[in-house]
Amino acid sequence: MGPLRELGSLAVIAAVISGSFAVGTALLTVDRERRGRELLVRAALWVVVGFGAGLTLVVTLLPYGAAAPDRFVSFDVVSDLVAIAHSFPSWGETAQLVINLLLLSWLAIAIPLLVPRWGIWETASLVLGTAVLIEVLQLVIPTGRVASLSDVLINSLGAALVAALVVRVVRPRLDAWVQRSADVPVEG
């Protein structure tokens, strides 16, 4: 069963990558009102969205190898966080914490850049809803994964920090870079 699961993951990742590039390519050919750098940035962001969404589905919804009940939920956030802290030097727990912190960062990067009127709070709210949806799906779909409120908290915290960085630092610089290309007169 292990090799089949890995093959399934690779097939999903391959589909996500090809689908992401297809979305980006379609935007490059269809979106005629945007030109130059703005079109390039938007296409790249849609590739990030497609790839991030697919990778998130692979990481969160494919069956997990550990023996666990089909459906399990943990509402004890404090105990979960204490368990993470106690086993922190462990590679497995550290990797799990980093994955949870960065899991929805693709959304926190793409949304404020694709929807400029959205700030940190709107993006953080969307990420929180996405994190809750993932945990509900992990509870409903028998994957052997634990649906956990601490995962929602860690996913949301990591993405909110990324959203703050994107809104405060990246977006103004990216907007200025795109605007500079629009201000350059076209010779011809």
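The values are calculated or read from the model by the stated rules, or taken from the named source; none is laboratory data. Only a predicted model underlies this, so the values are computations on that prediction, with no experimental measurement involved. As a convention, Cβ positions derive from the backbone with ideal geometry for all residues, glycine included, and neighbour counts pool all protein chains shown.
With the structure loaded, tell me whether residue 180 is modelled with pLDDT under 90 and not polar (S, T, N, Q) or whether it fails that test.
When the stated conditions are applied, residue 180 passes them.
Identify all residues within segment 115-151 that are among the aliphatic types (A, V, I, L, M) and either within 12 Å of the chain's Cα centre (by Cα) or at pLDDT 90 or above (or both); write none if there are none.
If the condition is that a residue be among the aliphatic types (A, V, I, L, M) and either within 12 Å of the chain's Cα centre (by Cα) or at pLDDT 90 or above (or both), then 115, 120, 124, 126, 127, 128, 131, 132, 133, 134 are the ones that fit.
State yes or no: is residue 91 buried (at least 20 other Cβ atoms within 10 Å of the Cβ) and of a type in the set (Phe, Trp, Tyr)?
Criteria not met by residue 91.
May I ask you to list pairs of residues, at least six apart or on different chains, whose Cβ atoms are under 8 Å apart, with the first in segment 140-161 being under 16 Å from residue 56 (Cβ atoms) and of a type in the set (Ser, Thr, Tyr) and the second being modelled with pLDDT of 90 or more and part of a helix (DSSP H, G or I)?
That search, which allows pairs on different chains as well, returns 156/124; 156/127; 156/128; 156/131.
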